[in-house]
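Got a structure for you, questions after.
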Amino acid sequence: MLSQENEVDFYAAMILLSKRSLGLEPYKVQIMAALSCSNGHVIDMKTGEGKTLVAAMSAVALVKKGYVVNVATANKYLADRDYFTMKPLYDACGVDVARLSGDSEGLKSAPVYYAHLTEEGCLSWLSDHLASEASSISHPQLLESAMTKTALIVDEIDHSLIDSSSVNYSIVSNLEIGNFYQQIAEMCKSVGKRSEFTQFDKNGDQEFTEEFYKSAEKILIEAGLVSNSADLYGDAYELMIHFRAAYMAFHILEESKDYVVKSGRIHRVDKKSGRLIEGGFLGTVAAYLSDKHCLEIPCSNLEVVSCALQHYVKSFDLLSGMSGTAILNALELKHSYGVSTLEIPRHQPTQRIDHGHILFPSDASLKHNVTQFLEKASRDQRPTLVVCANEAQAKIIADKLTQQSIRATLLTPSNVEEEAEILSHAGKLGSMIVTTRMCGRGTDIVCEDKARGLLIVVIGMGLTQNDDQQVIGRTGRQGAKGDSYFCISLDDEQFQSRSGATLANSLLANLVQEDMEHITPHISSATTRLIEKLQKQALSAMRERRKRVSIYNNPIDSQLKLLMKKRENILFTADPKAMLHQMAPAKVDSYQKLIDHYAFVFGGSEVLSYFIRKGMAEGLTKAWNRHHMSLMNIKMDTASNAQAASNINNFKKSCFEAFSQFAKTVNIDIFDYTLSYLNKEATKRMAQNTYLPSGIG
C-alpha cells in the first residue's frame, strides 16, 4: 500500500518504468504535479507540459492507495488517445486499465478506466439509476454496498466541470410526434425570416421580441388552431412552443454554424469546443430541423431521469484534475467542488509570440487579409493551423485557399473520424490545416519547423478568455517557438449584443487595422484588452447560469441518491420474493397462491426470483418516470414565475411534497407492476409449451 513513507521509492520506480515502457522520462515538474494530483488537488499546468503522463502516474499512485480510478477527458478522441498511449505504462506497473464505452465488459475488474466525462461517464452512471439487472450497472464501484474508495481525475477540468455544468444531463425515451408538426412547419416557411422578430441580448444571444409573439398569436388564431391569444399561454401553450421551435429551425439556426447534418441525423455544434453533440436539440427543434432537410422526423424526447454534472462528480470520494487554464477558474472550482488549485511551473519558458487581436472593418476585409497572410505562410512552407469560428467559415477559408492554389486540409466536425490521421501530419513543413475550435483542447502537434514553430491564426474570439488561451496553447509547447494571431471584424456577432455594440461604436471603430503583415502592436494590445472585457461579461453571465442550474438541481439530485439506494436494494437482495411481500403486506395473502403458481410455471424458485427482481426494478423505473415528470413541471412552473424564482424555498418545498407523495405510493406501484410483469412472462412461457401445466384452468 502506497503511503507518504514510500512515495519517494514509488516515483523513482515510476520514472524508470515510464522510460522503459513509453520512452518518456518524467520531468521534475511532472512528478510535482502527479504528487499534487494524487492527493486531491487541481493542477494548473500549461499546454504541452505533459499532463497526459501526469494523469497516468497519478492514477497508478491512487490504485496503490486502494482506489478505483476514473480518468475522464473532454471528448472521446482524447479518451481513446490517452488510453492507448498510456496503456504500456499501466502494463509495466501491473495495473489493469480499460475504456468505458458502449462495450465495457473489461470495466468490471479494472481499477483504472478512461472515459469521456459526460457522454460515457455521467450518462452511463445516470443509466444505472434505471437498470433492471445488476449486470448492466456501469459504475459498480459507486454503489453504496461496494465499500470501495473511488477517485476521479479530470483532464481539462475547468472545461469539463465548469463550462459543462451549465446544462442538465438526461436519459430520454421516445414519444410519437403529433399531427400538427407539418402544419406549423408550413406556417413558419410562409412567414419567412423577419429582422423585427429577434434581437440580441446583452450576452450576444438571440431572443424573441414582443413583435414575434404578437405575429405568432395572429397566425395561430387565423389558422384556427386556437380561438384567442389567452389559450396560447394556457391549455394550448404547446402550440406557441412549437411555433417558436419551428421559427428557430427554419430561420435562425444555420447549417454548418449551429448544426451539421451527418448520417441522416441532426447534430448540434458546441460553440465552445467546436465538436458535434448528437441529439443536442430539444425534440421539437430537432423535428423541425429534420423537416427542413427532408429527413425522417425523429420521435419527440421525454426526459425520464436527469442530473447536474456536479452530482455525478461528487459521487466519487476523491476529485482531482488538471488544465492549462485552471488557475483562471480556481475560485469557482473551490466553491463548487471544494478542490484547491496549484500552479505548476513550466519545465521550459515559452518562446511563443502572441500578436494579439487584429480588428478588421468587415468580414470581407478579414477574409481577404487572412487569405493573403496564409498564402505567404504557405509559400514559406511554415506549418500552419487556422482555427475558425464554425464549420461554415472553415469551408469558406479552405475554398479561398484552394482558389489560390494552396493545398489546405479541412478538419471539421463532419470528418471528425479523420481527426487523428490529419493531426498526425499537422506539424510537417508546408502543412496547412483549416479547422474549428474542436482542436482547442488536448491536441498535440509535433512541429518540424524548429526555427519558427507552428503558426496559429484564429478567426473570431472565444466566448471566454479560457477558450482563447487553450487554442493558442497548441503552439510554443515545451519551450518551442511559435506565433499566434487573432483576427476579428466589426461584423462578428459578439459585437451585435447590447454591450458589444456599445463598445464597437465608441472604441473598436478606432482600432481597425487592415494589414496583417504590418500590424501596430499597441493597437492590437488595446483591442485585446477590450475583447477581454467582453469575455469577462460573458463569463459572468455563464457563472450566473451555472449557479441557477445548481440551485434548481440540488433538491432533485438529492432524490436521485434515494432512488439509487432503493434500486440497489432490489438488484442485490438475497430474497426477492420476501422483498416483494414487504412492498404491499396487505395484498400478500390474496396473491400468495398466484405467486407460488408462477414458481411452478417458471420451473423453480430461482427463475422466479430473477423475474421478481427484474419486475420490481422495472416497476421502480415506471414509478420514478411519473415522479420525475412532476419534478420537471414544478421546475418549469417555478422558473417561469418571477416571484417564485426569487424564492428557492418554494421550489424546495414543492419538490419535497412531490417526493413525499412518491414515497407513499411507490411500493404499491412496484408490487402491482411486478405482478403484471410476472403474468406477462408466465403467459409467454406457457405459450412456448405444447401442454398446460396441471392446475391451470
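Every read-out reported here was derived from the displayed coordinates using simple, explicitly stated rules and does not represent laboratory data. Since this is a predicted model, take the numbers as computed values, not measurements. Note: ideal-geometry Cβ built from the backbone for every residue, glycine included; neighbour counts use all protein chains shown.
I need the phi-derived Karplus couplings for region 148-160: 6.51 cos²θ - 1.76 cosθ + 1.60, θ = phi - 60°, integer Hz, Gly and Pro marked x.
These are the phi-based 3J(HN,Hα) values: 10, 6, 10, 9, 10, 10, 10, 6, 6, 5, 5, 5, 6 Hz.
Further question: Peptides 193-199, 607-613: what's the order by average Cβ count within 10 Å, highest mean first?
Descending mean neighbour count gives 607-613, 193-199.
Report relative contact order for the chain in percent, whole number only (criteria: Cα-Cα under 8 Å, sequence separation at least 6).
Numbers: 1142 pairs, mean separation 101.0, N = 697.
After rounding, I find 14 percent.
Can you tell me how much longer the chain between Glu493 and Lys653 gets when fully stretched, taken as 0.36 nm per residue apart minus their C-alpha distance, in nm with one decimal?
53.5 nm
So how do 324-335, 379-390, 535-546 stack up, highest first, on mean other-Cβ count within 10 Å?
Descending packing order for the listed peptides: 379-390, 324-335, 535-546.
May I pose another question? If the reach is capped at under 28 angstrom between alpha carbons, list the lysines near Lys684, excluding any in the same chain fewer than eight residues apart.
Lys577, Lys587, Lys593, Lys614, Lys622
Now, a different point. Taking R0 as 41 Å, what FRET efficiency do you get between Met686 and Ser127 from their Cβ-Cβ distance, rounded to the nearest 0.05?
0.80
Using Cα pairs closer than 8 Å and at least 6 residues apart in sequence, work out the relative contact order for region 573-688, in percent.
39 percent
Next question, about the same structure. Could you list Met629, Met1, Met322 in order of exposure, starting from the residue whose Cβ has the fewest other Cβ atoms within 10 Å?
Neighbour counts put them in this order, fewest first: Met1, Met629, Met322.
While we're here: Stretch Ala12-Val607 to full length: gain in nm at 0.36 nm per residue minus the Cα-Cα span?
Numbers: separation 595, 0.36 × 595 = 214.20 nm, distance 5.40 nm.
Full extension of this stretch gives 208.8 nm more.
Residue separation times 0.36 nm, minus the C-alpha to C-alpha distance between Ile252 and Met1: what's the value?
Here the segment from Ile252 to Met1 would lengthen by 84.5 nm.
Another question about this same structure. With r defined as the distance between the Cβ atoms of Glu222 and Arg545 and R0 fixed at 41 Å, what FRET efficiency is calculated, to the nearest 0.05?
0.65
On to the next question. Does region 573-688 classify as rounded, prolate or oblate by the C-alpha gyration tensor (a ≥ b ≥ c root eigenvalues; a/c under 1.5 gives rounded; else a/b over b/c gives prolate, otherwise oblate)?
prolate
Let me ask something additional. Just for region 351-537, what percent of DSSP beta bridges are antiparallel, to the closest 5? Please list the in-between numbers first.
Details: 0 of 27 bridges.
Antiparallel bridges: around 0 percent, rounded to the nearest 5.
Can you classify region 378-476 as rounded, prolate or oblate using the Cα gyration tensor, where a ≥ b ≥ c are the square roots of its eigenvalues, rounded means a/c under 1.5, and otherwise it's prolate if a/b beats b/c and oblate if not?
It is rounded, given that a/c, with a ≥ b ≥ c, falls under 1.5.
Let me ask you something else. Would you grab the residues whose amide H sits under 5 Å from the one on Cys487? Only those 5+ places off in sequence or on another chain, please, with H modelled 1.01 Å from N.
Hits under the 5 Å cutoff: Ile358, Val458, Ile459, Gly460.
Under a point-charge model restricted to the Cβ atoms of Lys and Arg (+1) and Asp and Glu (-1), what is the dipole moment magnitude of the chain relative to its Cα centre, in debye to the nearest 20? Intermediate results must be reported in sequence, preceding the final value.
Values: 74 positive and 81 negative charges, 191 e Å.
With Lys and Arg at +1 and Asp and Glu at -1, about 920 debye.
Shape of region 33-105 from its Cα gyration tensor (a ≥ b ≥ c, root eigenvalues): rounded if a/c is under 1.5, otherwise prolate when a/b > b/c, or oblate?
oblate
Taking the Cβ of Met322 as the centre, find all other residues whose Cβ is under 10 Å away and add up their charges (Lys, Arg: +1; Asp, Glu: -1).
Values: positive: Lys51; negative: Asp44, Glu49, Asp155, Glu156, Asp158.
Neighbourhood net charge equals -4.
Could you sort 663-672, 430-439 so that the peptide with the highest average Cβ count within 10 Å comes first and the rest follow in order?
430-439, 663-672
Okay, next question. How far is it, in nm, from the label point at Thr520 to the one at Asp399 when both lie 7 Å from their Cα along the line to the Cβ?
3.5 nm
Quick one: what are the phi-derived ³J(HN,Hα) couplings along region 512-524, Karplus 6.51/-1.76/1.60 with θ = phi - 60°, whole Hz, x for glycine and proline?
Along region 512-524, the couplings run 5, 10, 9, 9, 5, 6, 9, 7, 9, x, 5, 6, 4 Hz.
Mind putting together the pair-distance distribution for the chain? All Cα pairs, 20 Å bins, whole percent per bin, short to long.
The percentages, shortest bin first, are 15, 44, 33, 8, 1.
A further question follows. Based solely on its DSSP helices, what 222 nm [θ] is calculated for the chain when runs of n ≥ 4 H residues each add -39,500 (n - 2.57) and the sum is averaged over all residues, nearest 500 deg cm²/dmol?
Computed mean residue ellipticity for the chain: -15500 deg cm²/dmol.
While we're looking at this one, here's another question. Measuring from label point to label point, each 7 Å out along Cα→Cβ, what is the Val446 to Glu144 span in nm?
Inter-label distance under the simple model: 5.1 nm.
Give me the percent of DSSP beta bridges within the chain that run antiparallel, rounded to the nearest 5.
Taking every DSSP beta bridge with both residues in the chain, the antiparallel ones total about 25 percent.
If r is the Cβ-Cβ distance from Arg626 to Ser135 and R0 is 22 Å, what FRET efficiency results, to the nearest 0.05?
That gives a FRET efficiency of 0.25.
Next question, about the same structure. Between the alpha-carbon centers of region 512-585 and region 1-44, tell me the distance in whole angstrom.
31 Å
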